[in-house]
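Nothing in this text is a laboratory measurement; each read-out follows from the coordinates by a stated rule. Fair warning: this is a prediction, and the values are worked out from it, not measured in the lab. Cβ atoms come from the backbone with ideal geometry, glycine included; neighbour counts cover every protein chain shown.
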């Protein structure tokens, strides 16, 4: 049992799951789970105390007055069982956030949410907008980067993704760290996610968003949980209940809302696997690029010289070479991505 699986079991028990339910979902032997819950009584009590101190009391909001254009959704995981996405959509929900897994899913594939592929497939079939969230456990920069790379690998397998890709950071081991360290952890994850072309967001509790600071959080889409009142921290999306009831889902489900049309923003920005409207195609996506150094780069630059471009005589692909490559790509009607691959080579040899 990995440490992340151990934490997942404890968290599930704290939120009311029985040992039998946890065993059925995680596949961990019931005897092993029972032994863990017995030996970790002190830790469970500590976590329950932390939750009580840092979350509002659990109660559904009974009166929600929203401006027109509010988009409603839910977030789900294996713990919600089989979800009928067609019924969810028919109930008036506009989107669903699907858990991809928890911890480092590349190193520990068993931590991939067991209903991730099924939920994505069914959301696509139902025609409901969907995003993906990753539940993080890492408490180091390297750990968060590893989790983010694993998350990106999962996203790459299901894109294009019409809604947000979220980092869920709420573990007490993370939120107990000082604010500077917390900001470093979030940035480490988000840098990997955004550099891969995804429209990222951070999901956390109201109290932790305030700890991280509004100046830091405003760099990202902020999805804030507060189930008893409007979040005190600035927010873009709001998880307003953990005890919602939605047709197509059995039992309690988390409820979300936002006034922002993120699918439109994501498509317009060309993120999550979508191509920007009127965006040119790339000639090559693999090839020589800025920072490369090789004999092949040297030969490329000699050819650029023949074509009239001023580049130096080294074997390094620098800013001048990138500018020359992009100039030719623009001339040929392709996206200026600074990459000179096999197709580029054929063009310059004509």
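Here are the numbers for the structure shown:
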| item | result |
| --- | --- |
| With Cα atoms, 0 to 90° folded angle of helix 179-195 axis to the chain main axis | 50 degrees |
| Among 297, 96, 28, residue whose mean-square fluctuation peaks in a GNM of the chain (springs only between Cα atoms under 10 Å) | 297 |
| Pairwise centroid distance, computed over Cα atoms, of the range 87-105 with the range 175-253, Å | 16 Å |
| Principal semi-axes in Å for the range 220-273 [√(5λ), Cα gyration tensor, largest first] | 24, 17, 7 |
| Antiparallel DSSP beta bridges within the range 64-269, as percent of all bridges there, nearest 5 | 30 percent |
| Global size of the range 132-174 as Cα Rg and Dmax, reported in angstrom | 11.1, 33 |
| Kirkwood estimate for the chain, i.e. one over the average of 1/r between Cα atoms, Å | 22.5 Å |
| Share of alpha-carbon pairs per 10 Å distance bin for the range 161-284, given as whole % | 12, 37, 33, 14, 4, 0 |
| The chain, helix-only ellipticity at 222 nm - DSSP H runs n ≥ 4, -39,500 (n - 2.57), divided by all residues, nearest 500 | -12500 deg cm²/dmol |
| Percent RCO, i.e. relative contact order, over the chain, from Cα pairs under 8 Å lying at least 6 residues apart | 15 percent |
| Crossing angle, helix 3-14 versus the chain [Cα axis fit, 0-90 degrees, rounded to tens] | 40 degrees |
| D (Stokes-Einstein, µm²/s), Kirkwood Cα radius, the range 63-150, 0.692 mPa s at 37 °C | 230 µm²/s |
| Residue among 313, 252, 206 with the largest mean-square fluctuation in a Gaussian network model of the chain, springs linking Cα atoms under 10 Å | 313 |
| Paired Rg and Dmax values of the range 207-350, which use every Cα atom, in angstrom | 24.4, 70 |
| Volume in Å³ per residue [convex hull over Cα atoms, computed for the range 64-269] | 115 Å³ |
| Principal-axis tilt of helix 116-126 within the chain, Cα atoms, nearest 10 degrees | 80 degrees |
| Candidates 330, 275, 211, ranked by Gaussian network fluctuation over the chain, Cα under 10 Å, top entry | 330 |
| For the range 179-248: relative contact order, % (alpha-carbon pairs under 8 angstrom, 6 or more apart) | 25 percent |
| By average C-beta atoms within 10 angstrom, highest first, the peptides 83-92, 142-151 | 142-151, 83-92 |
| Peptides 317-323, 171-177 ordered by average Cβ neighbours within 10 Å, highest first | 317-323, 171-177 |
